[in-house]
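The values are calculated or read from the model by the stated rules, or taken from the named source; none is laboratory data. Model, not experiment: these values are computed from the prediction. Using ideal geometry, Cβ is built from the backbone for each residue, glycine included, and neighbour counts are taken over all protein chains shown.
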Amino acid sequence: MSVERRLQQELCGDWRVEASGASDFFRMYRAHNADRALFLKIGKGRTQSEAEADGLRALQAAGVPVPHVYGVWEESGDTILALQLLTFAHKDDAAWAALGGVLAALHSPAWPQFGWPRDNFLGATRQQNRLTDGTSAAEWQKFLREQRLEVLIAQMELQREEARLFADLLAALPEILQNHAPQGSLTHGDLWSGNWGAGVDGDVWLFDPAVAVCDREMDLAMLELFAQPPAVFWQRYQALAMPAFDAAGYAVRRPLYQLYHLLNHWLLFGRSYAGQAQAAARTALSAAGR
């Protein structure tokens, strides 16, 4: 059965489907009928598509503007993730300010455990999300070590000096975090600048999540990894975020939290990210006086 026929079966109407590019993980299409426009991500991984749909629904339930999920279906050996097609505008200061408000609202409610009921994905990398017993400083440190950093380091082919650097970093986590006990916040999980967009009506949209309950600073660190949010973003976020945002403490923890995503990029795309990852590790270690 063709994609057009499957859309007709699931959503009714006559559909026109056209290619819209590809990523390392999916083929992408736009589909239109008389009433609706869809964005289709088609690939081999049903588990990945279902995890993405789960994350979008979780963000939507939290009040975050996300593309509507129409369904996840199997067709001719592929998995189709059908989403609302969005139209984007330029990311100006107003959009960045709106993003600050959206993230503050997302991060403010307190959740009782770190993690998530299911694993999800950062690209092709499975993100472990086993739920913790609570949100104490010890639980956060254990979660960050075991389910974020160690699980990636274990998959990497490291040179001796690199392995020693990351072993030193893991050993120094208590000194770097200094009993930091973050509130458990629902996070997007992969919030680089390519995973949010400015809508034509002044709203902002988030997509391609890897949701988990974490320290909210994980989202902020990822946002800063490949972009420089303007002052209006921080002004709006700090004005609305609850509990109050600890900018000085975040500045110390930021390289540690960015390291997680740099390790994942190294794992996915190769050693072009090795230098940046090692620099982040050394900066984090310097906060511990090492």
Some residue of segment 254-264 being more than 25 Å from residue 28 (Cα to Cα), at pLDDT 95 or above and part of a loop (DSSP other than H, G, I, E, B): no
Single residue of 146, 162, 139 found to be acidic (Asp, Glu) and in contact (Cβ under 8 Å) with a residue 40 or more places away in the chain: 162
Qualifying residue in segment 218-230 (condition: in contact with a Ser or Thr (Cβ under 6 Å, 6 or more places away or on another chain), more than 30 Å from residue 50 (Cβ to Cβ), at pLDDT 95 or above and assigned by TED's automatic domain parsing to the domain that holds residue 104): no
Positions within segment 165-180 being of a type outside the set (A, V, I, L, M) and either surrounded by 17 or more Cβ atoms within 10 Å (Cβ to Cβ) or touching a residue at least 60 places away in the same chain (Cβ under 8 Å) (or both), in sequence order: 166, 168, 175, 180
Residue within segment 65-80 that is buried (at least 16 other Cβ atoms within 10 Å of the Cβ), in a helix (DSSP H, G or I) and either out of contact with any Ser or Thr (no Cβ under 7 Å at 6 or more places or on another chain) or outside the structural domain of residue 200 (by TED's automatic domain parsing) (or both) present: no
Restricting segment 161-212 to residues that are part of a helix (DSSP H, G or I) and polar (S, T, N, Q), the residue that is nearest to residue 59 (Cα to Cα): 195
Test set (1) on the phi > 0 side of the Ramachandran plot; (2) surrounded by fewer than 21 Cβ atoms within 10 Å (Cβ to Cβ) - residue 208 fails condition number: (2)
So residue 195, is it within 20 Å of residue 147 (Cβ to Cβ), free of Cβ contacts under 8 Å to residues at least 60 places away in the same chain, surrounded by fewer than 22 Cβ atoms within 10 Å (Cβ to Cβ) and assigned by TED's automatic domain parsing to the domain that holds residue 144: no
Residue list for segment 107-138, restricted to those being farther than 16 Å from residue 277 by Cβ and surrounded by 18 or more Cβ atoms within 10 Å (Cβ to Cβ): 107, 114, 115, 116, 120, 121, 127, 129, 132, 135
Some residue of segment 248-260 being free of Cβ contacts under 8 Å to residues at least 24 places away in the same chain, surrounded by 14 or more Cβ atoms within 10 Å (Cβ to Cβ), in the same structural domain as residue 110 (by TED's automatic domain parsing) and farther than 23 Å from residue 209 by Cα: no
Residues of segment 8-42 classified as among the aliphatic types (A, V, I, L, M) and assigned to a loop (DSSP other than H, G, I, E, B), total: 1
Complete set of residues in segment 9-26 that are surrounded by 15 or more Cβ atoms within 10 Å (Cβ to Cβ) and farther than 19 Å from residue 120 by Cα: 11, 15, 17
